[in-house]
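The values are calculated or read from the model by the stated rules, or taken from the named source; none is laboratory data. Note that the structure is a prediction, hence the values are computed from the model and not measured. Glycine also receives a Cβ, built like all others from the backbone with ideal geometry; neighbour counts cover every protein chain displayed. SASA here: full protein model, heavy atoms, side chains in, ligands and nucleic acids out. Shrake-Rupley method; radii C 1.70, N 1.55, O 1.52, S 1.80 Å.
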Amino acid sequence: MTSVSDETLRLIASHRKFRKNYTVTKALINNPKTPLQVSLHLLPTITPQDLKILTTNKNVPDTLRASANRLQRQRSANRDSG
């Protein structure tokens, strides 16, 4: 997906039809060209397993990796307290 423009990725992420497909959501989040605000908006929809993988993905922005790490810790704290 290196030839896809930022605007195309934004359009894909803005259409509900595409967001309902988990594979598309996961691909958008793991794509380094996806605008950060789009990736951060989609982050809560990721499964715990994929979230863990995302925390170690060096191809995504540091901000996204840090947010994924924070969300993972938050989810595990909620699971442990619940």
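Each other residue within a Cβ distance under 13 Å of Gln49 adds +1 if Lys or Arg and -1 if Asp or Glu, for a net charge of +2.
Among Thr63, Thr23, the order of accessible area from largest down is Thr23, Thr63, computed with a 1.4 Å probe on protein heavy atoms. Looking at the chain, the trypsin sites (Lys or Arg not before Pro) that sit in a DSSP loop and have at most 16 other Cβ atoms within 10 Å of their own Cβ are Lys20, Lys33, Lys58. Neighbours of Ser67, meaning other residues whose beta-carbon lies under 13 angstrom from its beta-carbon, give a summed charge of +3 when Lys and Arg score +1 and Asp and Glu score -1.
For the chain, the longest principal axis of the C-alpha atoms and the axis of helix 62-81 are separated by about 40°.
Remark: segment 1-79 carries 66 Å² of accessible area per residue (probe radius 1.4 Å; ligands, DNA and RNA excluded). Estimated translational diffusion coefficient (Stokes-Einstein, Kirkwood radius over Cα pairs, 4 °C, 1.567 mPa s) of the chain: 99 µm² per second.
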